[in-house]
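Heads up, the thing below is written out as structure tokens.
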Amino acid sequence: MYTPRAFVETDLAELDRLIAQDAFVTLVTVADGVPVVSHLPVLYARDGDRIVFEGHWAKPNPQARHGGPALLIVHGPHAYVSPGWYADKEEAARVPTWNYAVAHLHGALAITDDTAELASIVDRLSRVNEARVGNDWRFEHDRDDHLRQLRGIIGFRFDVERVELKFKLSQNHPVANVAGAAAALQRLGGENNTLVSELMLERLTRRKQDVGAT
């Protein structure tokens, strides 16, 4: 992923944050030189630098046969930024851009059709997501009809070997430009605009603190 130095993020707590906001990822593998892509809900666990994702495909999905190297993309908030929001828009001849946060995770897939492992993945996924919507559906391990449903899926574990975090949030702009764009996004409202604005303001605060400490 092309990541200018100003936009590199190294704090893995920011990856935690992206997943907490949206645990629906893009998983990319390659077969016979052709990219294969799936969009999937996942379970996420991190212990220090050790990061693991779990999930499952429908069995007919060709990617369900792709053990080995893979790329998993975590999509964060994103928003259009108008040059009209910058304090120096005229003298610097500013142009439109897009601010965003994203993670590219490189690692290896391990595939499973073990009934107990599949049941565990489905059970935990349902518990997490049912709680988010205030409902209480559960996978019942002693129900034959629930167990039969597992025949239609293939599970995976993705062990992360390398993390790329890119937070493009106008860090390469003067303070007044960042403040102006963040305020405009707040006024526009909407989840993505608001989240991007918050991320911009957090980094702006750190930047001012760093300047004050020197």
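Which of the residues spanning the stretch 136-148 are surrounded by 10 or more Cβ atoms within 10 Å (Cβ to Cβ) and either touching a Pro at 6+ places or on another chain (Cβ under 8 Å) or in a loop (DSSP other than H, G, I, E, B) (or both)?
Keep residues of the stretch 136-148 that are surrounded by 10 or more Cβ atoms within 10 Å (Cβ to Cβ), which gives 137-141, 143, 146-147.
The answer is Trp137, Arg138, Phe139, Glu140, His141, Arg143.
Cβ-Cβ under 9 Å, sequence separation 6+ or interchain: first residue in the stretch 57-77 and open to solvent by 40 Å² or more (accessible area, probe 1.4 Å), partner not in a strand (DSSP E or B). Which pairs?
Once the first residue is open to solvent by 40 Å² or more (accessible area, probe 1.4 Å) and sits in the stretch 57-77, its partners that are not in a strand (DSSP E or B) give Ala58/Ala64; Ala58/Gly152; Lys59/Asp113; Lys59/Arg151; Lys59/Gly152; Pro60/Gly152; His75/Leu18; His75/Asp22.
Cβ contacts < 9 Å: first residue free of Cβ contacts under 8 Å to residues at least 40 places away in the same chain, restricted to the stretch 130-147; second residue β-branched (Val, Ile, Thr), any location; separation 6+ or different chain. Result?
Final answer for the pair search is Phe139/Val122; His146/Val122; Leu147/Thr115.
Hey, Leu195 hits all of (1) within 24 Å of the chain's Cα centre (by Cα); (2) of a type outside the set (Ser, Thr, Tyr); (3) closer than 26 Å to Ala93 by Cβ but one; which does it fall short on?
(3)
Can you tell me which residue is modelled with the lowest pLDDT among those in the stretch 78-89 that are part of a loop (DSSP other than H, G, I, E, B) and open to solvent by 60 Å² or more (accessible area, probe 1.4 Å)?
Initial filter on the stretch 78-89 (part of a loop (DSSP other than H, G, I, E, B)): 82, 86-89.
With open to solvent by 60 Å² or more (accessible area, probe 1.4 Å) added as a condition, the list becomes 87, 89.
On the way: Ala87: 94, Lys89: 89.
Out of the qualifying residues, it is Lys89.
For Ala110, only one of the following conditions fails: (1) open to solvent by 40 Å² or more (accessible area, probe 1.4 Å); (2) without any contact (Cβ under 8 Å) to a residue 60 or more places away in the chain; (3) more than 30 Å from Ala79 (Cβ to Cβ); (4) not in a strand (DSSP E or B). What is its number?
(4)
Pick from the stretch 37-51 the residues that are outside any loop (DSSP other than H, G, I, E, B) and closer than 25 Å to Gln149 by Cα: which of them is most open to solvent (accessible area, probe 1.4 Å)? If you could, list the steps in order and put the result at the bottom.
Step one: list which residues in the stretch 37-51 are outside any loop (DSSP other than H, G, I, E, B), which gives 37-41, 43-47, 50-51.
Subset that is closer than 25 Å to Gln149 by Cα: 37-41, 43-44.
On the way: Val37: 77, Ser38: 7, His39: 112, Leu40: 15, Pro41: 56, Leu43: 21, Tyr44: 59 Å².
Result: His39.
Hey, among Ser120, Ser170, which residue is at pLDDT 95 or above, surrounded by 13 or more Cβ atoms within 10 Å (Cβ to Cβ) and on the phi > 0 side of the Ramachandran plot? Give the derivation first.
Working: Ser120 fails: on the phi > 0 side of the Ramachandran plot.
Result: Ser170 is the single residue among Ser120, Ser170 that is at pLDDT 95 or above, surrounded by 13 or more Cβ atoms within 10 Å (Cβ to Cβ) and on the phi > 0 side of the Ramachandran plot.
The values are calculated or read from the model by the stated rules, or taken from the named source; none is laboratory data. None of the values given here were measured: they were computed from a predicted structure. Reconstructed Cβ throughout: ideal geometry from the backbone, glycine too, with neighbour counts over all protein chains shown. Accessible surface areas use protein heavy atoms only, side chains included; no ligands, DNA or RNA. Shrake-Rupley method; radii C 1.70, N 1.55, O 1.52, S 1.80 Å.
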